[in-house]
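Step one of this worksheet: look at the structure below.
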Amino acid sequence: MKAAVYYSNHDIRIEEVGDLPVGPGEIKVRIMACGVCGSDVMEWYRIKRAGRPGGIGAFGHECTGIITEAGPGADPKWREGDRVVVTHHVPCNTCNACLRGHTTACKTLQSTKFKHAFGAFAEYVVLPEINVDRGMVRLPESVSFDAGTFAEPLGCVIRGQQWAPVSDGRSVLIIGAGITGLLHVQAARVNGAGFIAVSDMNLDRLQLARKFGADSTIPATDDVPGRFRELNDGWGADTVIMTAPVPLCVQQSLDAVGPGGTILFFAPTNPDIQSGITLWDLWQNEVTITHSYAADLQNLSTALKWIKHDRINVADMITHVLPLKETAEGFLLTAQPRERSLKVIVHPQE
């Protein structure tokens, strides 16, 4: 079968790789659509396993498809021809982290992947038995394969806002107007936020933030914390959500949060980067700092319901739909946005 193999952000090759056998309890899925995620283009992270199909864990994970084969003893509720959303990471549901509700901090979740580490920028993936059990959701007939790829990124956003509340009319500052930032805008509105502002370097992205529900936008070159307070009756943000993983945005988050507020560091900086934090300010103002990683099955299910019932507009986020042979172009459009690119979807069957 054909698969995209990662060598660098500027070197992604379509190669013939070995087909995947289907073992007991496993299910094979023909991939119809896969979104390019911001984590896919984190070169410092992925370059360590360059040249291997699947990259790290799973190269391409925001995916939808059709079941084509079930192995012996596979769960009978799944049948050939079913339309599904599949995820590469799944929890054990029994460790201490899982039992306390932190399923995405589970070591099993952080180590599971599609079989043989083949990601979904490929014609097929095979789900191990554990993924079949807790990593597959039925895709409603009314939701397109392309729209269904948003279940994973939207699920991550939904989970993040569980740890960083935006309800009850809270004021919210979202730093970064990429795909996750714009999903956070829409999710914050669904969850009951009050004033929502978005900052970004890209003025086109700020226009999109308005389109998707932001009340105000702030160019990242401005004094973002100061400007937010001017727009918010002099108050800092009740909730800051940082989706742009750069040191300046870390500092802006710390400076923008108000007393009793919460900062969600949704996107990680390079692990070699250290950020200074003045604990006195956090202590005196009772500021909470939290993080969120990935999504679990409940988050994915919620995301699909929101998409199905038009709570979230994902269709207008899709700017490029490309065949498998143009995966490299999709990466460049994501890593270095141009031509008003926002969300790139790859069709491995084309």
(message) Suppose every Lys and Arg Cβ carries +1 and every Asp and Glu Cβ carries -1, with no other charges. What dipole size does region 165-291 come out with about its Cα centre, to the nearest 20 debye?
(response) 380
(request) Quick one: pull the percentage of alpha-carbon pairs in region 220-259 with a separation above 16 Å. (result) 26
(request) Could you list which residues have their amide H under 5 Å from that of Ala237, counting only those 5 or more apart in sequence or on another chain, with H placed in the peptide plane? (result) Val257, Gly258
(request) Give the share of C-alpha pairs in each 5 angstrom bin for region 115-195, from 0 to the last occupied bin, in whole percents, shortest bins first. (result) 3, 12, 18, 19, 16, 13, 11, 6, 3, 0
(request) Calculate the radius of gyration of the Cα atoms of the chain to one decimal place, then report Dmax, the largest Cα-Cα distance, as a whole number, both in Å. (result) 20.1, 63
(request) For region 255-323, state which trypsin sites (Lys or Arg not before Pro) are in a DSSP loop and have at most 16 other beta carbons lying within 10 Å of their beta carbon. (result) Arg311
(request) With r as the distance between the Cβ atoms of Asp19 and Arg138 and R0 = 30 Å, compute the FRET efficiency 1/(1 + (r/R0)^6) and round to 0.05. (result) 0.75
(message) Just to be sure I understand the model, the point goes 7 Å from the Cα along the line to the Cβ. What's the resulting His10 to Asp204 distance in nm?
(response) 2.1
(request) Tell me what the chain gives for mean residue ellipticity at 222 nm when only DSSP H runs of n ≥ 4 count, each as -39,500 (n - 2.57), the sum divided by the residue total, rounded to 500 deg cm²/dmol. (result) -7500 deg cm²/dmol
(request) Taking the convex hull of the Cα atoms, report for region 165-291 its projected area averaged over all directions, in nm². (result) 7.0
(request) Pull out the extension gain between Val190 and Ser111, defined as 0.36 nm times the separation in residues minus the alpha carbon to alpha carbon distance; nm, one decimal. (result) 25.2 nm
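Exactly which GluC sites (Glu not before Pro) in region 115-182 are in a DSSP loop and have at most 12 other Cβ atoms within 10 Å?
Glu141
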(request) Give the shape of region 84-130 as rounded, prolate or oblate, defined through the alpha-carbon gyration tensor: a ≥ b ≥ c are the square roots of its eigenvalues, a/c under 1.5 means rounded, and otherwise the shape is prolate if a/b is larger than b/c and oblate if not. (result) prolate
(message) Name the residue from Met242, Ser111, Pro153 whose Cα lies farthest towards the positive end of the charge dipole of the chain, charges +1 on Cβ of Lys and Arg and -1 on Cβ of Asp and Glu.
(response) Ser111
(message) If you average 1/r across every pair of different Cα atoms in region 195-239 and take the reciprocal, what Kirkwood value do you get, in Å?
(response) 10.6
(message) With the crude spin-label approximation of a point 7 Å out along Cα→Cβ, what separation in nm comes out for Ile277 versus Glu339?
(response) 4.1
(request) With only Lys, Arg, Asp and Glu charged, each at its Cβ (+1 for the first two, -1 for the last two), find how big the charge dipole of the chain is about the Cα centre; round to the nearest 20 debye. (result) 500
(message) As I understand it, the dipole of region 165-291 uses +1 on the Cβ of Lys and Arg and -1 on the Cβ of Asp and Glu, about the Cα centre. Which of Val287, Leu264, Gly192 lies farthest toward its positive end?
(response) Gly192
(message) Under 20 Å from a point placed 7 Å out from the Cα of Lys2 along the Cα-to-Cβ direction: which residues of region 316-350 have their backbone N that close?
(response) 320-333, 344-350
(request) Treat each spin label as a single point 7 Å out from the Cα along the C-beta direction, and report the Ala315 to Asn93 distance in nm. (result) 3.5
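Read-outs: derived from the displayed coordinates by stated rules, not from any lab. Small disclaimer: the values here were computed from a predicted structure and weren't measured. Backbone-built Cβ (ideal geometry, glycine too); neighbour counts: all protein chains shown.
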